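K.L.:
Just dropping this structure here.
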Amino acid sequence: MKRKVFALLIMVFAFAIINAGISKGSDLNKKFEKDSIIVTFGNKTRLIIYGENRKELDKILKYDLNALLKDLKIRLDSTQADTTYLREEFNGNNYLKNQDDKDEKDYVRIGLRGIHVKDGDTRVSIDGKGVEVRDGDDVVTSDSNYRRVGRRFHKSGRSSSPRKGFNVAFGLNTYGTNETTPGYNKAGYELKPFGSRFISLGYIASAKVVQGKNAGFHVDFGADFSWYNLMFDNNNTVVKNTEYVEFLPVVDKNNEEVVMRKSKLVVPYVNLSIMPTVSFSHSFISYLSAGVYGGYKLGSYTKLRAEGSKDVDHVRKNFYIEDLRYGLAAEIGIRKFPDLFVNYDLNYLYEDKRGPAVRMLSFGVRLF
């Protein structure tokens, strides 16, 4: 009798295991069916290729999967364990069909075809077609339709300033001055050159002072909103304590340093400017402008995103950043090319003795 009961228990236990395996396989299929490619070999083998979206899955076509599977077979043969689970990490670049698709090194290229910059996943292209900024596969901003609507990069008109009207500027931030400050290591708050972006949206009014046959003199008055995006060139972030700011590595719950994909400080301002401008009617240079500006800080926050994660954390504090900014500005207009600008802050970014002694320098292009 005991044997029969024991055999019955074994049969029930085996049936439960089989059902659990089937249920687990079904749940696995449901989990991946919307964002994966699942290839089934018979009833017991599945090859699952997971991607965050359709664009990521399309990238699979660039790889030689036969070569990857051959290497996987070699690794399976080399393991001595009798296991159904094997985790291996491969460098995907080794299996690209076209080796030209490998990640390029960062570069700055200036020539007759325009200006092209690459810094990690960020690419900036400025040419006769317009301005395009890409962050990975995503277009951050694009002015490629500029010519299609019949507009030029500079405004024409003898009676008004070429700068008059709605204004959008895009550029980069760096430290114009970075003085040695007690208690701070410059490497701790260094910026990524092409990840630290400057954006400005505003309007410019103009008063004509004098107008000649080939040139005019104007005084331009501007109001705009601008953003400093300061991306740190390491895993550090800015941390505010009771008396000053520190630049410390981002750590997880186990107090281990986290590799950061993005660690930036964002500071928005509202600004006013006065820019005397000389315009030229028939010159390669459409205008020259120089003047002063002042702004008031609207807030500040950090933006953190760990490598391999889609989660973004924001910390909103003032970080002892000066409320007011003021400085010198200059612009040059070039026909059939984006206008160029440069801004230099005369004030320090952080309050005295509460942060490093740095002044900001912004430069880039005025889209229109």
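The values are calculated or read from the model by the stated rules, or taken from the named source; none is laboratory data. Note that the coordinates shown come from a computational prediction; the quantities given were computed from them, not determined experimentally. No Cβ is skipped: glycine too gets one built from the backbone with ideal geometry, and neighbour counts run over all protein chains shown. The area values use the complete protein model at the heavy-atom level, side chains included, leaving out ligands, DNA and RNA. Shrake-Rupley method; radii C 1.70, N 1.55, O 1.52, S 1.80 Å.
K.L.:
I'd like to verify a number: residues in region 336-361 that are at pLDDT below 95, open to solvent by less than 50 Å² (accessible area, probe 1.4 Å) and among the charged types (D, E, K, R), how many?
P.N.:
1
K.L.:
Suppose we filter Tyr175, Tyr203 for residues that are at pLDDT 90 or above, surrounded by fewer than 13 Cβ atoms within 10 Å (Cβ to Cβ) and not aliphatic (A, V, I, L, M); which single one remains?
P.N.:
Answer to the selection: Tyr203.
K.L.:
Now, a different point. Kindly list the number of the only condition in (1) surrounded by 11 or more Cβ atoms within 10 Å (Cβ to Cβ); (2) assigned to a loop (DSSP other than H, G, I, E, B); (3) modelled with pLDDT of 90 or more that fails for Thr180.
P.N.:
Thr180 satisfies all of (1) surrounded by 11 or more Cβ atoms within 10 Å (Cβ to Cβ); (2) assigned to a loop (DSSP other than H, G, I, E, B); (3) modelled with pLDDT of 90 or more except (1).
K.L.:
In region 227-240, which residues are touching a Phe, Trp or Tyr at 6+ places or on another chain (Cβ under 6 Å) and crowded, with 22+ Cβ neighbours inside 10 Å?
P.N.:
Within region 227-240, just Val238 meets the criteria.
K.L.:
State which residue is farthest from the chain's Cα centre (by Cα) when the search covers only region 183-198 and only residues that are buried (at least 21 other Cβ atoms within 10 Å of the Cβ), of a type outside the set (Lys, Arg) and closer than 30 Å to Lys336 by Cβ.
P.N.:
If we take residues in region 183-198 being buried (at least 21 other Cβ atoms within 10 Å of the Cβ), of a type outside the set (Lys, Arg) and closer than 30 Å to Lys336 by Cβ, then Phe198 is farthest from the chain's Cα centre (by Cα).
K.L.:
So which strands (runs of 3 or more DSSP E) stay within region 254-368 end to end and still have 1 or more residues that are touching an Asp or Glu at 6+ places or on another chain (Cβ under 7 Å) and not β-branched (Val, Ile, Thr)?
P.N.:
260-280, 285-297, 301-306, 324-334, 339-345, 358-366
K.L.:
Could you please tell me which pairs satisfy a Cβ distance under 7 Å, a separation of 6+ or placement on different chains, a first residue in region 199-213 that is farther than 30 Å from Leu265 by Cα and among the basic types (Lys, Arg), and a second residue that is open to solvent by 60 Å² or more (accessible area, probe 1.4 Å) and part of a loop (DSSP other than H, G, I, E, B)?
P.N.:
Taking only residues 6 or more apart or on different chains, the pairs are Lys208/Ser159.
K.L.:
Working carefully through the options Gly364, Gly299, Gly333, Gly295, find the one that is modelled with pLDDT of 95 or more and open to solvent by less than 50 Å² (accessible area, probe 1.4 Å).
P.N.:
None of the other options fit; the residue is Gly295.
K.L.:
Could you grab the pairs with beta carbons closer than 8 Å, sequence gap of 6+ or different chains, first residue in region 293-308 and within 28 Å of Val258 (Cβ to Cβ), second one assigned to a loop (DSSP other than H, G, I, E, B) and of a type in the set (Asp, Glu)?
P.N.:
The qualifying pairs are Arg305/Asp311.
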